[in-house]
Amino acid sequence: MKAEVNQDLCIACGLCISMCPDIFELDDTGKAAVIREPEAGEEDITRDAAISCPVDAIAVTE
Ligand code: SF4
């Protein structure tokens, strides 16, 4: 699985970071960024974070 954040869309609400603190962080720009790719066991919560993002800034590909 691969996760990507479109920082042009991200409004830095912090939701994905709170849901998946090992996958997402706020980077130096103040927007969410991917720390590392989701591992087995983290895929469902990463998908949930993508679905929950209020501006659809997270893309998840299998
Ligand atoms: S949930 Fe979406 S808008 Fe909020 S910090 Fe994460 S990528 Fe940005």
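Quick note: the coordinates plus some simple rules give every number you see, no bench work behind them. Everything quoted here is computed from the prediction, not taken from an experiment. No Cβ is skipped: glycine too gets one built from the backbone with ideal geometry, and neighbour counts run over all protein chains shown.
The convex hull defined by the C-alpha atoms of the chain has an orientation-averaged projected area of 3.5 nm².
Helix 43-52 axis versus longest C-alpha principal axis of the chain: approximately 30°, rounded to the nearest ten. For region 19-62, the set of trypsin sites (Lys or Arg not before Pro) satisfying both a DSSP loop assignment and a count of at most 14 other C-beta atoms within 10 Å is given as Arg36. You can think of it this way: the chain between Arg36 and Ile51 has 3.5 nm of extra reach, that is 0.36 nm per residue less the Cα-Cα gap. Could you work out the helix-only [θ] at 222 nm for the chain, with each DSSP H run of four or more residues adding -39,500 (n - 2.57) and the total divided by the number of residues, to the nearest 500 deg cm²/dmol? Calculated from helices alone, the mean residue ellipticity at 222 nm is -6500 deg cm²/dmol. Could you tally the net charge around Ile51, taking each other residue with its Cβ under 14 Å from the Cβ of Ile51, Lys/Arg +1 and Asp/Glu -1? Residues close to Ile51 contribute a combined charge of -3.
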